[in-house]
Each structure stands twice: as structure tokens, then as C-alpha cells.
1. Which of the helices (runs of 4 or more DSSP H) contained wholly in the stretch 148-263 include at least 1 residues that are among the β-branched types (Val, Ile, Thr) and touching a strand residue (DSSP E or B) at 6+ places or on another chain (Cβ under 7 Å)?
2. Can you tell me which residues in the stretch 469-488 are small (Gly, Ala, Ser) and in contact with a helix residue (DSSP H, G or I) (Cβ under 7 Å, 6 or more places away or on another chain)?
3. Counting only residues that are free of Cβ contacts under 8 Å to residues at least 24 places away in the same chain, surrounded by 16 or more Cβ atoms within 10 Å (Cβ to Cβ) and within 15 Å of Leu340 (Cα to Cα), how many does the stretch 351-391 have?
4. For the stretch 220-277, which positions are touching a Phe, Trp or Tyr at 6+ places or on another chain (Cβ under 7 Å) and exposed (fewer than 14 other Cβ atoms within 10 Å of the Cβ)?
5. Any chance you could count how many residues in the stretch 180-189 are closer than 18 Å to Asp116 by Cβ and of a type in the set (A, V, I, L, M, F, W, C)?
6. All but one of (1) surrounded by fewer than 15 Cβ atoms within 10 Å (Cβ to Cβ); (2) of a type in the set (S, T, N, Q); (3) within 23 Å of Ile403 (Cβ to Cβ) hold for Gln478; which doesn't?
7. Of all residues in the stretch 98-115, count the ones that are out of contact with any Cys (no Cβ under 9 Å at 6 or more places or on another chain) and surrounded by fewer than 21 Cβ atoms within 10 Å (Cβ to Cβ).
Amino acid sequence: MPMRPPPPLAAATAAAVVTRQPHAAPASASEPTASTIPAYRALIRDLASAGRLDDVDAALASARSCLAPNSLQPLYVASIQAFARADRLRAAVDTFERMDFFACPPAAPAYNAIMDALVDADYHDQAHKVYVRMLAAGVAPDTRTHTVRLKSFCLTGRPHVAQRLLRTLPERGCDVKPAAYCTVVRGLYADGHRHDARYLFDEMLGRDVFPDVVAFNNVLHALCQKGDIKESGALLAKVLKRGLSANRFTYNIWIRGLCEGGRLGEAVALVERMDAYIVPDVVTYNTLMRGLCKESKVQEAAQYLRRMMNRGCVPDDFTYNTVIDGYCKRGMLQEATELLKDAVFKGFVPDRVTYCSLINGLCAEGDVERALELFNEAQAKDLKPDLVVYNSLVKGLCHQGLILHALQVMNEMAEDGCHADIWTYNIVINGLCKMGNISDASVVMNDAIVKGYLPDVFTFNTLIDGYCKRLKLDSALQLVQRMWTYGIAPDAITYNSVLNGLCKAGKAKEVNETFEEMILKGCRPNAITYNILIENFCKINQLEEASGVIVRMSKDGLIPDAVSFNTLIHGFCRNGDLDGAYLLFQKLDEKGYNATVHTFNILIGAYSSKLNMQMAEKIFDEMISKGYKPDSYTYRVLIDGSCKTANVDLAYVHLAEMVNKGFVPSMATFGRVINSLAVNHQISEAVAVIHIMVRVGVVPEVVDTIFSTDKKEIAAPKILVEELMKKGHISYPTYEVLHEGALQHLKLILEGAHCSLDMLVELFRKHCRDETRKQLDKGLSVEELNQPGHTVSSFASSRCYVRTMKSFIFLEMSHLLKSLEASILKGVLEHRSDKLWVSFVI
């Protein structure tokens with residue numbers, strides 16, 4: 001037979017394929033053989049499954065030598081499909097083109113196979129040219145041909161064209177099979193035409209065209225990729241009700257959809273039920289573990305890892321890397337290391353993903369030294385670090401303030417053939433800005449531009465924010481203009497940084513002008529933008545305009561947050577309108593807006609500064625009744641206000657409660673209470689506060705350095721009083737009085753250093769009688785003495801209530817009994833045991 005060159009499929013096809021596919025390797029020296037068409041077809045499939053694609057041509061050559069050319073059609077189709085599945089499109093095209101040359105003109109199955117391969121490889125124009133050639137050759141398209149065309153239309157965003165073609169298939173003499181319907185349904189869903197897709201799906205079922213599991217899985221996969229879990233579930237329920245037998249792929253697709261759709265609980269429940277129908281495979285477990293790790297439920301993921309191994313399902317690299325990465329992201333480095341050791345023992349070889357996870361985790365925990373060790377270990381194992389690993393390391397070094405080391409790593413990247421990207425530079429720029437080195441950060445950005453890396457919006461935003469925080473507003477505004485030069489539109493973050501800087505600099509007019517510019521440029525403000533505007537108006541005492549911003553936020557579809565209202569309330573307070581602030585607070589409460597601790601603190605602080613302690617205490621009580629927990633600021637302003645209004649008993653109670661809740665007041669706060677107590681002649685209580693300071697560790701550094709714990713309680717008070725005097729926290733008269741009070745108290749303690757609780761009560765009675773006698777000598781009546789609290793005898797009962805702590809020894813008992821599982825909270829004495837012997841030291 002005379003030899004002639006094979007006709008080209010199409011010049012464009014050949015050129016396109018040559019640029020994207022390497023030439024096929026030569027055939028194997030030993031040609032595989034068989035004797036019949038079915039035998040050769042089985043041989044070709046076996047060779048393809050074994051990855052011996054070069055031997056497929058040899059098998060075809062062998063078949064041509066012993067079988068009639070016209071009978072080889074199935075073998076060419078099998079070869080084209082084998083090459084296509086292996087991403088050897090050039091070889092598939094060559095095989096198709098040789099059919100005419102070897103006297104086997106392509107029939108519909110061959111045309112369908114090459115068209116399908118081209119469509120799957122995204123060569124839609126070339127696939128259409130094959131279809132035109134098919135018609136020109138007089139080969140009648142069949143249902144499979146049109147199904148491939150339907151797929152091509154859908155993949156190129158033309159699902160309605162596909163739908164019209166589907167309607168004409170009966171006219172073309174083709175049966176409308178489930179695969180054709182499902183192809184168009186999938187395309188409609190993928191393109192966002194949910195209503196049309198559902199209508200077509202229901203039409204298919206109405207015509208008794210029931211999809212097989214493969215066709216339906218394609219639809220389910222498309223829906224899950226779109227994140228439409230509700231629709232996926234509805235279709236799945238519909239076909240299962242009609243008798244579809246779901247396979248493992250169906251379950252795996254649905255489990256992945258549930259995990260990615262935030263319905264992790266349902267995914268877990270499905271895996272638990274799955275055992276009754278189909279045994280989960282490694283893909284099932286990997287999908288579920290990935291979902292669990294994404295939700296920070298890495299310990300549950302580890303349980304499924306153990307479960308799959310117990311059931312004989314062997315984990316793969318993805319399994320181990322998923323759980324190791326989950327541990328690292330949770331900061332559970334020890335667990336990650338232990339799992340890695342166990343995995344390596346079972347044959348797992350750590351790869352680039354493993355090292356990246358570990359390096360990321362170590363850098364996040366601040367263990368940069370260990371991260372560098374792993375980095376070097378990976379290089380020693382010929383695991384070339386990729387850009388992700390380098391960026392992780394650079395980020396970790398920058399977080400630790402090791403900018404020079406980070407720059408050194410960037411230089412090593414280029415030497416290793418891994419070039420930095422703009423994100424690498426962004427990490428370094430961000431690190432420099434956080435350290436306050438804005439000029440150096442600007443140099444790094446310019447260096448990136450010189451090397452061909454164009455800055456992005458994050459680059460500019462980082463630098464602009466850095467300049468604005470240091471009130472270098474001219475430099476920040478120049479950068480905003482430079483953004484437009486590079487074709488980058490400033491976003492809300494950009495404008496928020498500038499607006500905040502202008503507001504902090506007191507440039508109220510410029511704030512409003514910049515906001516108007518933001519609107520004109522088409523940049524939509526967010527809640528932060530409006531909060532800055534509120535603060536700006538409040539600063540210049542334009543409270544009506546500030547209130548109007550809240551209204552504008554709502555019109556723009558934004559919900560004012562706690563910051564919005566707190567800023568406005570603070571603005572009212574700062575401008576002296578405390579009643580207006582409280583009225584606004586009440587209105588917000590009526591409308592259901594949730595206040596924060598900061599909201600209450602603003603009001604309590606404002607009323608305390610104006611010495612309106614009645615309102616401050618009222619708001620404080622309201623705060624407690626609504627379940628909000630006061631912080632150290634709350635107590636500090638209440639103590640300050642109480643001291644300034646000479647309500648020292650209330651200040652004393654707030655101080656005791658503050659300490660009891662674990663807050664450590666400042667030396668200034670302690671000093672203010674001590675001063676007020678001394679002025680009010682409550683020396684015992686003043687001395688008590690001194691000892692509280694010692695107990696909570698508010699002492700000069702020399703006390704901790706010189707004195708041991710047992711001697712600190714005796715030596716520290718004197719040194720502490722001197723320190724308070726030196727720093728101006730107490731007056732000189734208070735200083736003199738405290739020395740005498742401290743000595744008298746020390747004598748009292750030494751007399752009762754070791755005693756039972758009954759003896760301690762008697763000691764307390766004696767102490768109170770002495771104190772009472774002193775007060776009576778000053779002219780106070782018994783009624784006046786008993787007014788704040790109960791009589792001394794009531795204290796001896798198993799449970800009593802004392803409204804004010806009028807004795808230092810009583811306060812010390814509360815501290816002592818608290819450590820013995822007895823407590824005094826707001827003056828209530830509980831759990832008193834007469835048989836317990838104690839040793840107390842003040």
C-alpha cells in the first residue's frame with residue numbers, strides 16, 4: 001500500500017496542541033501482541049492502566065499487521081481514550097489522524113472520543129472544528145456526539161444554547177439519555193440558573209428519564225462546588241426516594257459539600273450512618289478530617305485517623321498532612337510531632353507540605369529557631385522549599401522582630417531559584433511598619449518595584465496606615481495619589497487609615513472632605529468609616545451631626561455596632577452633656593442594642609469625674625444586675641470618685657471587692673484610699689490596706705529582692721509607706737499616723753499568733769470593745785456605733801452580716817478563712833469550724 005502523509009486535523013489544532021503537550025516517547029522495543037479485536041482492546045486498556053502508554057502504539061502496530069484495517073476502529077478509540085486520560089492529548093490527536101492514513105476512516109465513536117478529549121482539555125474551538133469535519137465526511141452524529149457538544153456549550157458559559165440543542169435531539173433522530181439531561185442541568189446550575197436547572201431536572205424525571213448514579217454524581221458535584229447545599233440535598237433526597245443506589249462517590253461528594261458548606265455535624269452523622277451501606281474509603285475519611293481541621297476540631301480528626309487505621313483503611317500522605325497541619329494551626333506542636341514520628345514509622349515520608357505546616361506552626365508559636373532547623377533539614381533532604389515555605393519563615397522572623405534575618409532569607413530565596421513575590425515583600429513591609437520603621441518599609445517597597453514586583457492594595461494600605469499612625473499625613477496622602485498611578489483603587493481600608501489619621505490630628509474639615517472624596521471615587525464606606533466620622537463630629541462638639549451619621553449608616557444598609565454608640569455616648573460625655581448620654585443609653589437599651597462593659601465604663605467614669613456618685617453607683621448597680629462584669633477601670637473610677645466625695649467607706653468596699661475579684665489596683669489607687677481613711681481617722685482600715693498591698697505584691701522592688709517571704713509581711717509595710725510618701729500618693733500627716741497604727745496592729749497580731757477560731761473571735765470582741773470605748777470617749781452614742789452594722793455579739797454566730805468592715809482583724813480573717821474554704825464575700829462569713837486550728841500571719 002503506498003505511503004502518504006496523514007492529513008492534519010486542523011492547522012490551529014495541531015499548533016495549539018504542540019504548544020501545550022510534549023511529544024510522545026518512542027514505542028517500546030518489544031511490541032505487545034494479541035490475536036483478536038477484544039484481546040487487543042483489553043491489552044491496550046491494561047497497558048494504559050499500567051502507565052505503559054508508549055507501548056499502546058506498539059500494540060496498535062501489531063494489530064495492524066495481522067487484522068483487517070476496517071476492523072481496528074475499537075482499538076483506535078480505546079487508544080485515543082487512553083492517551084486522553086493520561087493527559088497525552090498530542091498522542092491522542094496523532095492516533096486519530098493516522099486512522100485515515102492506515103485505511104480506517106474514523107466513525108462516530110472515534111470522532112466522539114477525540115472531541116471529548118479536546119473539550120476536557122479546554123480546546124472547545126478545535127472540538128467544534130472536528131464536529132464540522134465529521135459532518136463534511138458524511139458521518140452522522142449520534143447521541144454521544146451531541147452530549148459532548150452539550151458539555152462544551154456548558155463549559156463555555158452557554159448553558160441555554162445547550163438547552164436549545166437538547167430540545168432538538170429527538171428531531172435529529174437521537175434519544176435523549178440521562179447523561180445529556182444531566183450535562184445541561186449541571187451547566188445551568190454552574191452558571192447560576194437555579195430555577196431553569198431545577199425545572200429541567202424535574203422535566204427529566206417527569207419523562208421517566210431516570211439518571212444513573214454517574215450522571216447524577218456530576219450534577220451533585222457541580223452543586224456542591226457552587227456551595228448550594230440546600231439544593232444539593234433536595235435533589236439527592238428526590239433521586240434516592242425514586243430508587244437511585246448511591247455509590248461511594250455520591251457519599252464522598254455529599255460529605256465534602258456538607259463540610260465546605262458549614263454543616264460539619266451532618267457530615268459526621270452521615271459518615272457514622274454510611275457503614276450500614278458502603279464502607280468508607282480513604283477519600284471519605286480525608287474529606288471529613290479536612291472539614292474537622294478547618295473547624296479547629298483537630299482532636300476529633302485524630303480520632304477518625306485512628307478509626308480508619310483500626311478498620312484497615314491505610315492513610316495516605318494527604319491524611320497525615322491534614323491532621324499534622326490541623327495540630328500546627330492550633331498550636332499543638334507536640335501532638336503534631338508525635339503523629340509525625342508515628343507516621344514515619346509506618347512508612348510516611350514527610351514532604352514539602354509537611355515541612356510547611358510545621359514551619360508555619362513553629363513560627364506562629366514564636367519558635368523561629370526550631371523552624372529554621374526544620375527548614376535546613378528539608379533542604380538537606382533535597383526538598384526544595386517553595387514560596388509558601390519561604391513566606392512562612394519570613395513571616396515568623398518578622399513577627400519576632402528579626403527583620404534583618406528575614407531579609408537574609410529573602411536573599412537566599414533567589415540563590416535557591418525561588419523568587420520572592422509581592423506577598424513576601426508585603427510581609428517584610430508590614431513587619432517594618434509595626435516596628436515603626438516606615439522609611440525602611442518605603443525603601444523595601446521601592447526595591448520591590450525596581451525588581452519588577454508591582455505593589456498591591458495591601459502594600460499601599462500597610463504603608464499608609466503606618467504613616468497615619470505617626471501622623472505623617474502628607475506622606476500618607478502622597479501614597480494614596482501614587483496608588484492611582486499604578487492603577488490601584490484605594491479601598492475602604494485605605495480611606496479609613498487616612499480618615500483616622502486626620503481625625504487624630506484634629507483636622508476635622510479635612511476628614512469631611514476626604515469622606516466626600518471617598519464617596520465620589522465610588523468606594524463604599526463600612527462601619528469603621530462611619531465610626532471615625534462620629535468621633536470626628538464629637539470632637540468638634542457637633543453632636544447632632546454625629547447622631548445623623550448613625551441614621552446614615554442605617555440607610556446605607558450598615559448596622560451600627562457597639563463602637564458606634566460608645567463613641568457617640570463618649571462624645572456626649574466629653575462635651576458635658578451627661579444626662580443626654582444617659583438618655584441615649586436608655587433609648588438604645590429599649591431598642592435592644594446590646595451595651596458592652598466599655599459602655600457602662602464611659603458613663604460611670606463621666607459621672608464619677610463630675611462627682612455625681614449617686615448616678616455612678618446607680619449605673620454600676622444596673623451593670624451588675626444585667627450580668628456585665630466590671631473591670632479594673634470600673635472599680636478605679638468608682639474608688640476615685642468615692643474618695644473625692646469623702647465616701648471613704650464605699651471606696652474601701654470597692655477596693656476590697658476589686659482585690660477579691662483578682663484585679664490588682666495601682667499604687668496610686670491604694671494611696672488614695674489610704675489617704676482618705678487616715679483623714680477619716682480610720683487608721684486600722686488604712687493599715688489593712690497597706691497589708692493588702694503587700695499580699696497582692698504592690699511593693700517596691702527592693703522588698704522582693706531583700707526579704708524572704710516570712711519576713712516580708714513584717715518588713716514590707718514600713719518600706720511601702722515610705723514609698724507611698726516618696727511618690728506623693730499619701731500626705732505627710734498620713735505617713736506619720738500610719739507608723740503608729742502599724743506598730744499597734746503588729747502588737748495585736750503577736751498576741752494572737754496561734755489560736756483557735758473561738759479564741760480568734762474572743763480576740764476580735766476584745767479589740768472591738770476597745771475600739772468602741774474609744775469612740776464613746778469621743779462622744780458618739782451606742783446607737784450611732786451600731787447604725788452601720790450589727791453588734792459585736794452577732795459576729796460570734798455561725799452566720800452574720802456586717803455592712804462595713806470596721807476592723808482590720810476582721811478583714812484579715814476574711815483573707816485567712818478564704819484559704820481554708822471559708823469565705824467572707826461582701827461581709828458574709830461562711831463555713832466556720834471551731835475545731836480547726838490555724839496559724840495566721842499579717
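1. Working: elements: 159-168, 178-190, 194-206, 213-226, 229-241, 248-260.
Because the criterion is at least 1 residues that are among the β-branched types (Val, Ile, Thr) and touching a strand residue (DSSP E or B) at 6+ places or on another chain (Cβ under 7 Å), no helices (runs of 4 or more DSSP H) in the stretch 148-263 meet it.
2. Hits for the stretch 469-488 are Ser475, Ala476.
3. 1
4. Answer for the stretch 220-277, where residues must be touching a Phe, Trp or Tyr at 6+ places or on another chain (Cβ under 7 Å) and exposed (fewer than 14 other Cβ atoms within 10 Å of the Cβ): just Arg242.
5. Matching residues across the stretch 180-189 total 3.
6. Looking at each condition in turn, Gln478 falls short on (3).
7. Number satisfying all stated conditions: 9.
Yes/no per residue for (1) within 23 Å of Val721 (Cα to Cα); (2) part of a helix (DSSP H, G or I); (3) modelled with pLDDT of 90 or more:
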| site | (1), (2), (3) |
| --- | --- |
| Tyr628 | no, no, yes |
| Leu638 | no, yes, yes |
| Ala651 | yes, yes, yes |
| Ala656 | yes, yes, no |
| Thr669 | yes, yes, yes |
| Asn675 | yes, yes, yes |
| Ala688 | yes, yes, no |
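The values are calculated or read from the model by the stated rules, or taken from the named source; none is laboratory data. None of these values were measured; they are calculated from a predicted model. Heads up, the Cβs are rebuilt from the backbone with ideal geometry, glycines too, and the neighbour counts pull from every protein chain shown.
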